[in-house]
Every structure is written in structure tokens, then in C-alpha cells.
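Asker: I'd like to ask some things about the structure below.
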Amino acid sequence: MFLTYICCDKNLGLALLNNKNTNMIKKVLIANRGEIAVRIIRSCRELGIKTVAVYSDADRNAMHVRYASEAYHIGPSPSRESYLNADTIIDVALKSNADAIHPGYGFLSENAEFAQKCRDAGIIFIGPSSDAIIRMGDKITARQTMIEAGVPVVPGTQEKITDDESARKILDEIGLPIMIKASAGGGGKGMRLVRKEEELFRAIKLAQSEALTSFGNDTVYIEKYIESPHHIEFQILADTHGNTVHLFERECSVQRRHQKVIEETPSPFLTPELRAEMGNAAIAAAKAVHYFGAGTIEFLVDGNRNFYFLEMNTRLQVEHPITERTTGIDIVKEQLKIASGDTLSFKQSDIQQHGHAIECRISAEDPFNNFTPNPGIVRHISEPNGLGVRTDGYVYEGYEIPMHYDPMISKVITWGRNRKEAIDRMRRALYEYKITGVKTSTKFLERIMRNTDFAAGQYDTHFIDKHKEELLAPCDDDNSISADMAIIAAYFDYIKKFEKAAMGDFALSGNGDKYKWKDYGLMKALQRI
Amino acid sequence: MAVDIRIGSRDAKVKLLETDGTKATIEVDGNTYSVDLVMVEDGVYSILHEGKSYNIELIPGNGPKNYFVNTYSASHEIEIIDAQSRYQKSRNSSSIGDSDRLISAPMPGKVVRIPVKKGQNVSKGDTLIVISAMKMENDYQSPIDGVVKSILVNEGDSVTNNQPLIEIE
């Protein structure tokens, strides 16, 4: 009797833990690496879901391998031979008895064929249907779908450009400036801006050839070019039972070469009315493709606050934590629940924005030297902490950041009761963030936090270009007191090395003996002079 | 011990006057500083000067006496020029002609393309080599008008930080 009681209680406890769903996913393979793999495993751990990491040659030491409950090697360092190898990944999932695959972002996350292959193999793909990925992935199809759903799109063509005559006709209709875009495009590739009529045909040819090399498809179309746009996106969550909600917006206008650098929510540019209107449009957009899972509807908003559908990202976004911070909803957890067949446990009216959140992306690149990538060994790292600060990262002391993958090494997210407090806190957090061994973008980000236009919330996608002199001037004043302090520190470090060598104290434990021996030889040579 | 320390393009004369535990008095280009200096972590120094707190991070540079130094507001390249390096510099300057230029890898990466051949004439600004790292391709240009003297790597090679790539004369 007693035993039965315990047993029942245990089942009940598990059921509650798993949101009363006995079909809850039990083991997830994370087909990704870096910070996002670590971030996904965190939510799995909270839900009691086992995790399987996969790794390439370069990633044996990576944090996601250390943090997951299981890890399997999938191939050489280049992504296309490892993290993009759909068949190997599915094979590992089957062998390790994972019932689901979370693709993260990038890599295979928006690959419809991979989603279908997972389902064919009896594995849950944590994301939307392949049909939704295909319909949103092709820009021309997505535009047509949105027009049918009553969601505003940027004026332009709905069909591929086939000849010069029809291109000129469209140009006459919508007027200059225009943008030529690749239908299969993304990340700024295959895009050409046309400001003068005589540039039109050449721009189309260039866009077509770039699209062909980048995406293997030369289909391009024409859109009106929106001057000084804001890039504002809405987070969507939809279950498989037809319930769709949005978790409000993210302002992503601080961009460099079409790559987001800083995101914040709420957007300082939106009015409550526009927010409500865009939220409804985002839900309509998702419903038009029977979307389920987490997704993001990206909009362009012009200076007069007209908004246009840009594209849908059918996956988790890099910048999802700011939404989590202001709504309190763990988006990865919701993805896992939706994929397990759960109904959303909240309605639109339950979701509110509390305070203000900002995210800065920290990259291993040198902002003052044309953002040159800077892979290498992390010597020291101390991450910011304290009230209202979250860091999502994956590097640790002694870790070698590989050259094969994205330079983003972590994200700092700060929260404040209002926008000013969130900015002040971000400035403080970036000051605390110390990483040596590799160059990072923290100083560049700090300068943005100090910029008066940013503080006033007055910026659009041209922000970095407009302020590049202030933001990107090299910070190498070699004649300040601070520079003299740098000289003093270097002097003492040199003296210390010298004395250590003189005392023969070379066999200290430390960063690898071969360096010590090298130092020792050097110091001996030095003593002879 | 007095040494020269090069910071960027400035050569500073540095002379230690006195030490007492963590406290030191030191002269930099005629300015006397009384500082309290502690190495708080391997390669990280905390300096207190007139009540102000400075955190200085030293990253080993290309040679044993070279550092990349980060302060709160700036990054510097620093080189210690002691008797030994002065001696070496005086020797080197006689053996290597000034017109020889060596292009080294500024970061680890993979050689994507080498659009020049040995013996080819190049002009200042011509792309000599393209290296990819972290999904980005970077072009490296010739700093001078000259001739490609030697190419030390092949397309497809992985290269490490500061590895010599191409010599121009």
C-alpha cells in the first residue's frame, strides 16, 4: 500500500514536471555548437530532458560537449563536413535514442530537407513543418503568401525578373530608389541598390550572378528601397493546436553590413497602437503558413511608421533572450513543449512586457581594424555579473576559439526598469567584461552605449555608418597617464620575467611546459648580455 | 635599471627609482609616478596611482619583449627595448635590406587564394593573398611597389598567427 502510494506520487510529480504531458520529449540532440548549444542544454536540464551534443574535430574541447549528458563526434572541422552533415547527425540521433533534434540557429535550422529527413526517420524536428520553411524561405513565395494574408509588403514585384523590359516597367511603377534582391537570399548577399535608372540592368546582372554563386539560384526580384528604415521583428510562439501568440517586438536597427550588433525591447520607435497593429500582422503572417514552434516575423518600418513584411525566420533567433527577460517566458522551453505536442499554457492577454532589455553581441574581432576576425586562445575571461545582467557564452580560460565558425563568442543581456537603466547597466556590464588573448568588440559596443543619439533612442539601420568616426576611431592615445600606467605594468612584468630567469625559477606550473622552457632559454640568453 | 619602452610610435625612457613592497616610484619620460602595483592574475596588473585604479592586461606579443596591453580606455602595442634588443636591432639593420617586406598572417586562418606568382611585379595596394577566418574573407595588400620574392604558403593551407606568408622586395 505504502509502496503504491509512493509510486503514484512519483508519477504525478513527473507528470507535473513535464507539464502533464506523457509524450514529453525525453532526449534531445542539439545539432549546433557554441553559445546556442549551451543555452538549449540549460532549458533541457531544467525540464529533466537528456541532451546529446555533436562535435567536429575542432570542438572536442568545446563547452557544449562538456555540458551535455552525451557527446558524439560527427566529422572534420569545416561545417559542411560536420554541423551541416544531415545524414550523420540523424544517424547519431537514432543511435543515441534521441527522440528530437534541436537545430539552434544557422547550420541546418532553416533547411526544409533536413526537417523532413528527421520526420521521415521518426525523430521530432524542433521547429516548423518543412512546408512552412519552404514557403517562408523563398522570398518571392513569402511575399505572395503575405499579400494574400493581408500583411503589408514592400512595394515591388511578385514574380522573378525575366527580362529588361518588365524590370523597367516595374521601375516606372514604383519609382527610384529600388533594391534588387535574391529570392533565395539572406545576410545581405545578392542585394543591389539602384539609385539611378541607368544602373538598373547592370545591377540586375550583378545580383543574379551573386545569387547564383551564393545560393545556386539566380532568381531575383525588385523591391522599393526604404530610406532610413527601422528593422523591427516580432517573436511568435504557436502550438500544433492552432494557438498563436506574439511576445512583442525586438528593435534590431543597430546593424553592420546587414548583421545585427545590438537589439533592444521595447523599441523606442514604436507607439502602443503601432505595436498592437504589427503584433496582429505578425500573427496573421504565421497563421498564413500554419506555423508552429518559435519564429520571428521581421518588418521594415519607415520614417513615417509604415511597416512592411521583410521575412520570417523559422527558427530560434540569436537575440531571443531580451524577449525572455521582458516577458519572463523561456522560449527554448516553449519550443520543447510545443514539439512534444503541448498546448500553449498562456493566452495573448497573459503576456506583458516588463521593463527594458538590451543585448550586445560580443565577437572575437578587432573593431578598430576593420573588424578583422580574431580567433585564438582565451587567456583570461571574467564575465559581468550583478543585478539585471545575463551572459550567454561558451568560451572559458584556456579555450582556443576555432577559426572555422562564427566570431560571436557571447551575448550580454541587461535588464532595467526603464530604457535608461538598461543602457547604464549595459555600459557597466561591458566595463566589467574582461577577455584577453583575443580581441573583442566590447569597446566598440561601449561607445555605442555612450552615443547621444542611441541614448535618445534616435537611430535607424544607418546608425553605425552615420557615427563611424566616433565609434571606430582607433583608441590608441599613447601619451596619456593611462598609457604611462600601461608602460609601468609592462616594465614590471619584464623585470619579473628577468628576475625569475635569474633565479632559475622556470619550472612553475602554468600554461604548458614548452612555453616555460622557451622562456627559460630566452632568459638565459638575456642574462649573458 | 633604465630601459626604453616603445608604445605605438613613442619611445619612452623608463627608470625605476625606488621599490618598497608593492609600492614603487618610477620615472616615465621625466614624469615621476608613485604607484602601488600588484599582479592580481597571471598577466593582469592592478595599479593605484593618486587614488585612481587602473587595470592593465598584458598579452604576450610577437616576441618575448612585446606585449599587447589593454587598459580600460585603450589598447596599445608595447615593446621593451633593452641592451639586448638594441644590440640585435643594430645587427639586423645591416643584414636585412630595408626594401624587403614580409607579409605575415595577422590571425589564424586558411589561405583561400594567392592571386600573384613568384617573380611577379606588384604595385602598392595589390592583393597578394586572401585568408579566410570565421566565415569572413580578408584581402592582404602589398605595402609597397615591388617584386614577389617568395611565396611561403599554398592555397588551402592553414596558417597560424604571425606565420610568414609572402616576401616582397
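Asker: How about region A:406-444: which of its residues are away from chain B (no Cβ under 14 Å) and of a type in the set (Phe, Trp, Tyr)?
Answerer: If the condition is that a residue be away from chain B (no Cβ under 14 Å) and of a type in the set (Phe, Trp, Tyr), then A:TRP415 is the only one that fits.
Asker: Pick from A:PHE269, A:PHE309: which is touching a helix residue (DSSP H, G or I) at 6+ places or on another chain (Cβ under 9 Å) and at pLDDT 95 or above?
Answerer: Values: A:PHE269 fails: touching a helix residue (DSSP H, G or I) at 6+ places or on another chain (Cβ under 9 Å).
Selected residue: A:PHE309, the only one of A:PHE269, A:PHE309 that is touching a helix residue (DSSP H, G or I) at 6+ places or on another chain (Cβ under 9 Å) and at pLDDT 95 or above.
Asker: Only one of B:VAL130, B:VAL112 is within 30 Å of A:TYR405 (Cβ to Cβ) and over 24 Å from the mean Cα position of the chain (by Cα); which?
Answerer: Details: B:VAL130 fails: over 24 Å from the mean Cα position of the chain (by Cα).
Being within 30 Å of A:TYR405 (Cβ to Cβ) and over 24 Å from the mean Cα position of the chain (by Cα) holds for just one of B:VAL130, B:VAL112, which is B:VAL112.
Asker: Something else: Can you pull out the residues in region B:52-72 that are farther than 15 Å from B:GLY8 by Cα, modelled with pLDDT under 85 and of a type outside the set (A, V, I, L, M)?
Answerer: Hits for region B:52-72 are B:PRO60, B:GLY63, B:PRO64, B:TYR72.
Asker: Just give me the residues in region A:103-154 being in contact with an Asp or Glu (Cβ under 9 Å, 6 or more places away or on another chain), closer than 20 Å to A:ALA281 by Cβ and not in a helix (DSSP H, G or I), in sequence order.
Answerer: Across region A:103-154, the qualifying residues are A:VAL153, A:VAL154.
Asker: Also, I was wondering about something else. If we keep just the residues of region B:36-62 that are closer than 26 Å to B:THR160 by Cα and surrounded by 13 or more Cβ atoms within 10 Å (Cβ to Cβ), which is farthest from the other protein chains (Cβ to nearest Cβ)?
Answerer: First pass over region B:36-62, keeping only residues closer than 26 Å to B:THR160 by Cα: B:42-44, B:57-62.
Then keep just the ones that are surrounded by 13 or more Cβ atoms within 10 Å (Cβ to Cβ); that gives B:43-44, B:57-62.
Values: B:GLY43: 6, B:VAL44: 6, B:GLU57: 5, B:LEU58: 5, B:ILE59: 5, B:PRO60: 9, B:GLY61: 10, B:ASN62: 13 Å.
So, considering only residues that are closer than 26 Å to B:THR160 by Cα and surrounded by 13 or more Cβ atoms within 10 Å (Cβ to Cβ), the one farthest from the other protein chains (Cβ to nearest Cβ) is B:ASN62.
Asker: Related question: Quick one: count up the residues across region B:70-91 that are at the interface with chain A (Cβ under 7 Å from one of its Cβ atoms) and in contact (Cβ under 8 Å) with a residue 60 or more places away in the chain.
Answerer: 3
Asker: Out of A:ALA285, A:ALA294, which single residue is in a helix (DSSP H, G or I) and touching a strand residue (DSSP E or B) at 6+ places or on another chain (Cβ under 6 Å)? I'd like the intermediate steps shown before the answer.
Answerer: Numbers: A:ALA294 fails: in a helix (DSSP H, G or I).
After ruling out the rest, the residue left standing is A:ALA285.
Asker: Only one of (1) within 12 Å of chain B (Cβ to nearest Cβ); (2) modelled with pLDDT under 90; (3) surrounded by 14 or more Cβ atoms within 10 Å (Cβ to Cβ) is not met by A:TYR515, so which one is it?
Answerer: Only one criterion in (1) within 12 Å of chain B (Cβ to nearest Cβ); (2) modelled with pLDDT under 90; (3) surrounded by 14 or more Cβ atoms within 10 Å (Cβ to Cβ) is unmet by A:TYR515, namely (3).
Asker: Do you know which of the residues in region B:127-155 that are outside any strand (DSSP E or B) and modelled with pLDDT of 90 or more is nearest to A:PRO78 (Cα to Cα)? Working first, answer last.
Answerer: To start, the set of residues in region B:127-155 that are outside any strand (DSSP E or B) comprises B:134-135, B:142-145, B:152-155.
Within this subset, residues satisfying the condition of being modelled with pLDDT of 90 or more are B:152-155.
On the way: B:LEU152: 24, B:VAL153: 20, B:ASN154: 18, B:GLU155: 16 Å.
Only one residue tops the list, namely B:GLU155.
Asker: Could you list, in sequence order, all residues of region A:223-260 that are over 19 Å from A:THR271 (Cβ atoms), part of a loop (DSSP other than H, G, I, E, B) and not acidic (Asp, Glu)?
Answerer: Answer for region A:223-260, where residues must be over 19 Å from A:THR271 (Cβ atoms), part of a loop (DSSP other than H, G, I, E, B) and not acidic (Asp, Glu): A:TYR225, A:THR240, A:HIS241, A:GLY242, A:ASN243, A:ARG257, A:HIS258.
Asker: Identify all residues within region A:377-405 that are in a loop (DSSP other than H, G, I, E, B), aliphatic (A, V, I, L, M) and under 21 Å from the mean Cα position of the chain (by Cα); write none if there are none. Write out each step before concluding.
Answerer: Start the filter on region A:377-405 by keeping residues that are in a loop (DSSP other than H, G, I, E, B), which leaves A:378-379, A:383-388, A:394-399, A:402-405.
In the following step, the residues that additionally are aliphatic (A, V, I, L, M) were identified as A:378, A:387, A:395, A:403.
Answer for region A:377-405, where residues must be in a loop (DSSP other than H, G, I, E, B), aliphatic (A, V, I, L, M) and under 21 Å from the mean Cα position of the chain (by Cα): A:VAL395, A:MET403.
Asker: Can you name the condition, by its number, that B:TYR33 falls short on among (1) at the interface with chain A (Cβ under 8 Å from one of its Cβ atoms); (2) touching a residue at least 24 places away in the same chain (Cβ under 8 Å)?
Answerer: Every listed condition holds for B:TYR33 apart from (2).
Asker: Let me ask another. Can you tell me which residues in region A:70-88 are more than 16 Å from B:MET134 (Cα to Cα), polar (S, T, N, Q) and not in a loop (DSSP other than H, G, I, E, B)?
Answerer: A:THR88, the sole residue that qualifies.
The values are calculated or read from the model by the stated rules, or taken from the named source; none is laboratory data. Quick caveat: nothing in here was measured; it's all calculated off a predicted structure. Please note: Cβ atoms are built from the backbone with ideal geometry, for glycine as well, and neighbour counts cover all protein chains shown.
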